[in-house]
Amino acid sequence: MTDERATGLVLHTPGGARYLFDPGALCLELLTTGGPGDYARYEVLHHPEDLTRWLELSRLELPEEGVRVDVGQLTATRTLRDALWRLAAARAHGEAGAGADYAVLNRAAAHPPLVPQIGPDGAAAAPLPADGDQVLSALARDAITLLTGPYADRVRECGGHNCRLIFVDTSRPGRRRWCSMEHCGNLHKVRALRARRDEAERTDPATGSA
């Protein structure tokens with residue numbers, strides 16, 4: 001999985017609150033841009049420049065000149081994302097996924113990838129100039145690495161109420177449940193506290209109940 005130095009993406013709740021979501025893999029970051037079916041209402045990749053802006057927020061190491069993206073490459077990226085949504089959701093529920101969606105990943109991965117560079121100081125440098133096909137390949141190869149690697153069985157769907165964000169649990173104990181502790185994790189704690197208070201009120205003899 002690509003560039004684990006990144007800490008995640010800043011997302012917004014319907015009410016406008018900000019929270020940090022780290023899905024643990026580049027390919028799963030892509031799922032926050034929209035998707036198939038009901039996820040289409042969250043679509044943000046309408047134009048090539050939308051994809052270039054999103055890439056700047058992702059964990060992918062990009063060329064200093066940015067990435068050239070045309071309409072066809074944008075469409076291909078959305079097709080890859082939709083296939084990955086279905087595959088990741090299937091994996092999170094212990095299912096295999098559709099062969100057609102795996103074929104989409106393989107076709108995208110067949111493009112030449114980004115070309116890495118090393119600087120004169122021996123540290124990693126920005127890749128050579130790139131286009132949308134190379135980015136597509138990087139996303140697909142990251143997905144293949146995830147789905148065939150040691151964390152393949154740790155692809156999870158958030159356990160929050162009405163939240164379907166998908167992440168890979170890279171924690172040592174492997175017990176991550178939430179897309180974000182500050183969002184869904186906190187909401188779960190609040191609901192659990194309210195439920196306990198309601199139960200206590202129903203059973204407290206001082207109230208004259210049960």
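Tell me, which residue of segment 37-79 that is among the aliphatic types (A, V, I, L, M) and in contact (Cβ under 8 Å) with a residue 60 or more places away in the chain is nearest to Pro116 (Cα to Cα)?
In this case the residue turns out to be Leu62.
The rows are residues; the columns are (1) assigned to a loop (DSSP other than H, G, I, E, B); (2) touching a Cys at 6+ places or on another chain (Cβ under 7 Å); (3) over 30 Å from Met181 (Cβ atoms).
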| position | (1), (2), (3) |
| --- | --- |
| Ala96 | yes, no, yes |
| Ala100 | no, no, yes |
| His111 | yes, no, yes |
| Leu114 | yes, no, yes |
| Ser137 | no, no, yes |
| Cys163 | yes, yes, no |
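Here's the yes/no breakdown for (1) closer than 22 Å to Ala76 by Cα; (2) open to solvent by 20 Å² or more (accessible area, probe 1.4 Å):
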{"site": "Arg107", "(1), (2)": "yes, yes"}
{"site": "Pro113", "(1), (2)": "yes, yes"}
{"site": "Gln117", "(1), (2)": "no, yes"}
{"site": "Gly122", "(1), (2)": "no, yes"}
{"site": "Pro127", "(1), (2)": "yes, no"}
{"site": "Ala130", "(1), (2)": "yes, no"}
{"site": "Val135", "(1), (2)": "yes, no"}
{"site": "Ile144", "(1), (2)": "yes, yes"}
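Against the definition (among the charged types (D, E, K, R) and assigned to a helix (DSSP H, G or I)), how does Arg156 come out, yes or no?
It is false that Arg156 is among the charged types (D, E, K, R) and assigned to a helix (DSSP H, G or I).
Could you list all residues from segment 161-175 that are over 18 Å from Ala90 (Cα atoms) and surrounded by 11 or more Cβ atoms within 10 Å (Cβ to Cβ)?
Within segment 161-175, Thr170, Gly174 meet the criteria.
Filter segment 52-89 for residues that are open to solvent by 10 Å² or more (accessible area, probe 1.4 Å) and of a type in the set (Gly, Ala, Ser); which is farthest from Glu157 (Cα to Cα)?
If we take residues in segment 52-89 being open to solvent by 10 Å² or more (accessible area, probe 1.4 Å) and of a type in the set (Gly, Ala, Ser), then Gly66 is farthest from Glu157 (Cα to Cα).
Go through the residues of segment 15-37 one by one and say whether even a single one is at pLDDT 95 or above, surrounded by 16 or more Cβ atoms within 10 Å (Cβ to Cβ), among the acidic types (Asp, Glu) and closer than 16 Å to Leu165 by Cβ.
yes
The values are calculated or read from the model by the stated rules, or taken from the named source; none is laboratory data. Here the structure is a predicted model, which means the values were calculated and not measured. Reconstructed Cβ throughout: ideal geometry from the backbone, glycine too, with neighbour counts over all protein chains shown. Each accessible area value is taken on the protein alone, full model and side chains, heavy atoms only, with ligands, DNA and RNA left out. Shrake-Rupley method; radii C 1.70, N 1.55, O 1.52, S 1.80 Å.
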